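So the structure is just underneath, and the comments pick up after that.
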Amino acid sequence: MHKVICEEPRHGGGREKFARRANLPDELLPKFEGLRRSHRERKWFGEHLSPLRRWLRSQVGRAWNQVYSEACAVIKPDSNVRNHIKFHLLQFVQRQTFLRDGCIWCFTTGWGGNALPVNEAASHWSPFYVHPRTGLLCEEALRPRPRWRDHEAEQRAKTQRWLSETALQRKLNGIWFQCAMENFPPHFARGDEPTRFDLAERRLIGPGQAQKIYGKGVFCIAKRQISRRELRKCGLVNSPQQSG
């Protein structure tokens, strides 16, 4: 297991002497210093923890003591690599659990360590816990990760309808317009202006702004208001305008 998880050599370090202090005068050097203090660019493990997480998921429903015993039989503490894997194994499982008001709680670790319900303490990093009564390994159902662009996609779905790659129906200030669209060039030449004037936005926009507005790298080159007949045909309705 440790060969699969740590199949790459350690990263970092190298021959480069970053922040080298060999040529400093004695009065600028510390009088007492640990052996590791002067080595700022240290190495770290190149690890793949997904196989370990999948193995734990396949053991859900079994007694945690048996699962941990089987893991220790393979991950023996005879090297730093195996100790490192065992450290992550224990990180993935909330073991200090107890019952409170009919719910399962656990003691979290870290700087803000305190007692929390398992459904709040569980994360994509450590979704497993040991049941306080049965001692079985369990997995908490996680909430889906928030998608930060969902609200932009929902807003586009309400105000935009694509007819083709170059034709778009868009609602602007409560009025539906037919827009002719054009793609941004895939590459910009040196000295070329990366922005284009968008008639619907009435301003210059770049490919990144177009991605947020339209969901793709395009800009509006022409627009016209949709007639009432076309609105009825397409099932569109303009918003009522407030009289000033």
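Worth pointing out:
- Selected residue (criterion: modelled with the highest pLDDT) from residues of the range 138-181 that are open to solvent by 60 Å² or more (accessible area, probe 1.4 Å) and in contact with a Pro (Cβ under 8 Å, 6 or more places away or on another chain): GLU139
- Within the range 162-176, tally of residues that are under 15 Å from LEU231 (Cα atoms), part of a loop (DSSP other than H, G, I, E, B) and free of Cβ contacts under 8 Å to residues at least 60 places away in the same chain: 1
- Neighbours by Cβ (under 7 Å, 6+ apart or cross-chain): first from the range 185-212, free of Cβ contacts under 8 Å to residues at least 24 places away in the same chain; second open to solvent by less than 100 Å² (accessible area, probe 1.4 Å) and among the aromatic types (Phe, Trp, Tyr): PRO194/PHE188; ARG196/PHE184; ARG196/PHE219; ASP198/PHE219; ILE205/PHE219; PRO207/PHE184
- Residue that is nearest to ALA180 (Cα to Cα), among those in the range 194-244 that are open to solvent by 100 Å² or more (accessible area, probe 1.4 Å) and in a loop (DSSP other than H, G, I, E, B): ARG202
- Matching strands (runs of 3 or more DSSP E) fully within the range 67-131 where at least 1 residues are surrounded by fewer than 17 Cβ atoms within 10 Å (Cβ to Cβ) and of a type outside the set (Gly, Ala, Ser): 97-100, 103-107, 115-117
- Check on ARG15, assigned to a loop (DSSP other than H, G, I, E, B), at pLDDT below 80 and surrounded by 10 or more Cβ atoms within 10 Å (Cβ to Cβ): no
The values are calculated or read from the model by the stated rules, or taken from the named source; none is laboratory data. Here the structure is a predicted model, which is why all the values come from computation and not from measurement. Quick reminder, even Gly has a Cβ in these numbers, built from the backbone with ideal geometry, and neighbours come from all protein chains shown. These area figures cover heavy atoms from the full protein model, side chains too; ligands, DNA and RNA do not enter into them. Shrake-Rupley method; radii C 1.70, N 1.55, O 1.52, S 1.80 Å.
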